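Step one of this worksheet: look at the structure below.
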Amino acid sequence: MKKYFLIAACATLLAACNGNSSTKQAADSTITAETAVAAAAESRTCYVRYENQDSTYLDLHIKGDQVSGLLNIIPREKDRNNGTVSGLVKGDTILLDYTFQSEGMQSVRQVAYLQKNGKLIEGFAEVQEQDGRASFKSLGDLKFDGSVVLEQSACK
């Protein structure tokens with residue numbers, strides 16, 4: 001009887017080891033697939049605009065629907081606005097809070113871009129100031145008229 005018990009225990013142990021191997025392989029495959037999906041969901045894209053000696057540089061890092069990055073607006077013969085952006089991607093629209101330094105003061109204003117054909121078209125609408133932040137009164141009123149278009153470019 002002890003002999004049969006020992007054989008059954010060894011067989012169970014061997015089956016468990018083999019089962020763990022396939023379970024480990026399945027887990028490794030799942031982790032690899034999740035890593036690939038996460039890496040695919042992360043991107044960095046940069047955009048520029050040059051017009052009448054004014055320039056704009058936007059460096060976006062997108063992970064899922066979260067966006068962060070840098071936005072530098074350099075108008076001719078005026079103070080430059082250098083700052084950071086953070087916000088969300090909603091469909092083909094990017095809504096950002098732009099925190100920047102200008103004339104020695106920190107300001108925050110909402111900006112919006114429509115993604116179209118590898119370009120970003122800036123949106124405009126009536127703005128309200130609340131708690132030191134300029135934001136659109138209504139996102140439904142945003143107009144993407146094409147007056148400010150950023151072209152995709154190499155990141156610096």
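No lab work stands behind these numbers, since they all come straight from the coordinates. Remember, it's a predicted structure, so these values are computed and weren't measured experimentally. Positions of Cβ are generated from backbone atoms using ideal geometry, with glycine treated the same way; all protein chains shown enter the neighbour counts.
A few points about this structure:
- Residue 134 paired with residue 108, simple spin-label distance in nm, labels 7 Å along Cα-to-beta-carbon: 1.5 nm
- Cα-based shape type of region 42-137, given that a ≥ b ≥ c are square roots of the gyration tensor eigenvalues and the cut on a/c is 1.5: oblate
- Fully extending the segment from residue 44 to residue 124, taken as 0.36 nm per residue of separation minus the present Cα-Cα distance, adds 26.4 nm.
- Modelled this way, with points 7 Å down the Cα-to-C-beta line, the labels at residue 115 and residue 145 are 2.6 nm from one another.
- Measuring against 21 Å, Cα to Cα, the residue pairs 63/116; 63/90; 63/119; 78/116; 78/143; 78/156 contain 78/116; 78/143; 78/156 as the ones spanning a longer distance.
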